[in-house]
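Student: Can you keep this structure in mind? I'll have questions shortly.
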Amino acid sequence: MPALLLIFPYQGMAAAVVTHTAIATSLATVVVTSLIAAYSHHRHSAVEWSIFRRMAPGLLSGALIGALVTTCLPGETLRVIFGLFALAAAMQMGFQLQPANRGHLFDAPGLAMVGIVIGLVSALVGVGGGTITVPYLRWSAVNMQRAVATSSACGFPIAAGACAGFSLVDGFAGGAALANSTIYWPAAIWIAIASLAAVPLGARFTHRISILSLSRIFAITLAIIGLRLVFV
């Protein structure tokens, strides 16, 4: 999402549609990357499929609603929302801010509601949901590696629901895609192709290197991106 926000203007894309297109394109790539990542983590027997099944309906419906809301908001508003989200995620990761461990998951209806919230927010900011799903699962006493693995699988219903929402808006427009909700397919396809090689490597590293170190590096990156989007 932040990479696309930086690249699209240099391709001559109108400023009014850059943020919407970046969100839609980012979520389209998650359809592929989440499937590859889920399979890679599944090979390590790390995905909690029972949790995934209970969260998936909420994730899908929440993302669909979030996509519809996204198309109604100005690009500048979405840019600031993502910037604030990036800063909040950076603080959470960098300082390991975590509420007291709850010790157990919600029941099935509770997980569905959590899924709706995660899906909606993810569609608004154009991410697969890992920065929200992982902290929630950790709060619920799920092992870090399993939380990361399960979050990867949860990215698929989020991406599928969001793409369905963008397509629905385009359909209401009489078949002519709206400029502010169109997925930029050249970028989506090339990112998906690159992910065929990159995602399995990332999944492998997740099980081999320090999660704390990765979290802090990612936190610094997010903080820089967030500050740039909010204040520049």
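The values are calculated or read from the model by the stated rules, or taken from the named source; none is laboratory data. This one's a predicted model, so the numbers in the text were calculated from it and none came from an experiment. Every residue, glycine as well, gets a Cβ built from its backbone with ideal geometry; the counts of neighbours run over all protein chains shown.
Student: Could you tell me whether segment 168-185 includes any residue that is under 30 Å from Ala112 (Cβ atoms), buried (at least 19 other Cβ atoms within 10 Å of the Cβ), hydroxyl-bearing (Ser, Thr, Tyr) and modelled with pLDDT of 85 or more?
Tutor: No; the residues of segment 168-185 include none that is under 30 Å from Ala112 (Cβ atoms), buried (at least 19 other Cβ atoms within 10 Å of the Cβ), hydroxyl-bearing (Ser, Thr, Tyr) and modelled with pLDDT of 85 or more.
Student: Continuing with the same structure: List the number of the failed condition for Val117; all other conditions in (1) within 19 Å of Ser215 (Cβ to Cβ); (2) modelled with pLDDT of 90 or more hold.
Tutor: Every listed condition holds for Val117 apart from (1).
Student: Another question, if that's okay. Would you be able to say whether some residue in segment 191-210 is surrounded by fewer than 20 Cβ atoms within 10 Å (Cβ to Cβ), farther than 27 Å from His20 by Cα, of a type in the set (D, E, K, R) and modelled with pLDDT of 85 or more?
Tutor: no
Student: Tell me which residues, restricted to segment 1-50, are over 17 Å from the mean Cα position of the chain (by Cα), surrounded by fewer than 21 Cβ atoms within 10 Å (Cβ to Cβ) and of a type in the set (Gly, Ala, Ser).
Tutor: Within segment 1-50, Gly12, Ala14, Ala15, Ala16, Ser45, Ser50 meet the criteria.
Student: Then there is this: Checking the condition of a type outside the set (Phe, Trp, Tyr) and surrounded by fewer than 20 Cβ atoms within 10 Å (Cβ to Cβ), which residue from Leu78, Leu97, Leu59 passes?
Tutor: Values: Leu78 fails: surrounded by fewer than 20 Cβ atoms within 10 Å (Cβ to Cβ); Leu59 fails: surrounded by fewer than 20 Cβ atoms within 10 Å (Cβ to Cβ).
So the residue among Leu78, Leu97, Leu59 that is of a type outside the set (Phe, Trp, Tyr) and surrounded by fewer than 20 Cβ atoms within 10 Å (Cβ to Cβ) is Leu97.
Student: Farther than 29 Å from Arg146 by Cβ, modelled with pLDDT under 90 and in a helix (DSSP H, G or I), is that true of Val69? Walk me through how you get there before you give the answer.
Tutor: Values: farther than 29 Å from Arg146 by Cβ: yes; modelled with pLDDT under 90: no; in a helix (DSSP H, G or I): yes.
Answer is no for this residue.
Student: Show the residue pairs that are 6+ apart or on different chains and have beta-carbon atoms under 8 Å apart, the first residue being within segment 218-230 and among the basic types (Lys, Arg), the second being at pLDDT 85 or above and part of a helix (DSSP H, G or I).
Tutor: Arg228/Gly83
Student: With respect to Arg138, determine if the residue is over 19 Å from Ala56 (Cβ atoms) and surrounded by fewer than 23 Cβ atoms within 10 Å (Cβ to Cβ).
Tutor: Working: over 19 Å from Ala56 (Cβ atoms): yes; surrounded by fewer than 23 Cβ atoms within 10 Å (Cβ to Cβ): yes.
Yes; evaluated as a whole, the condition is true for this residue.
Student: From the list Ala63, Ala46, Ala38, Ala56, pick out the single residue that is assigned to a loop (DSSP other than H, G, I, E, B) and closer than 21 Å to Leu105 by Cβ.
Tutor: Working: Ala63 fails: assigned to a loop (DSSP other than H, G, I, E, B); Ala38 fails: assigned to a loop (DSSP other than H, G, I, E, B); Ala56 fails: assigned to a loop (DSSP other than H, G, I, E, B).
Matching residue, one of Ala63, Ala46, Ala38, Ala56: Ala46.
Student: Touching a residue at least 24 places away in the same chain (Cβ under 8 Å), under 21 Å from Leu227 (Cα atoms) and among the hydroxyl-bearing types (Ser, Thr, Tyr): does that describe Thr77? Steps first, answer last, please.
Tutor: Working: touching a residue at least 24 places away in the same chain (Cβ under 8 Å): no; under 21 Å from Leu227 (Cα atoms): yes; among the hydroxyl-bearing types (Ser, Thr, Tyr): yes.
Taking the combined requirement at face value, the residue does not satisfy it.
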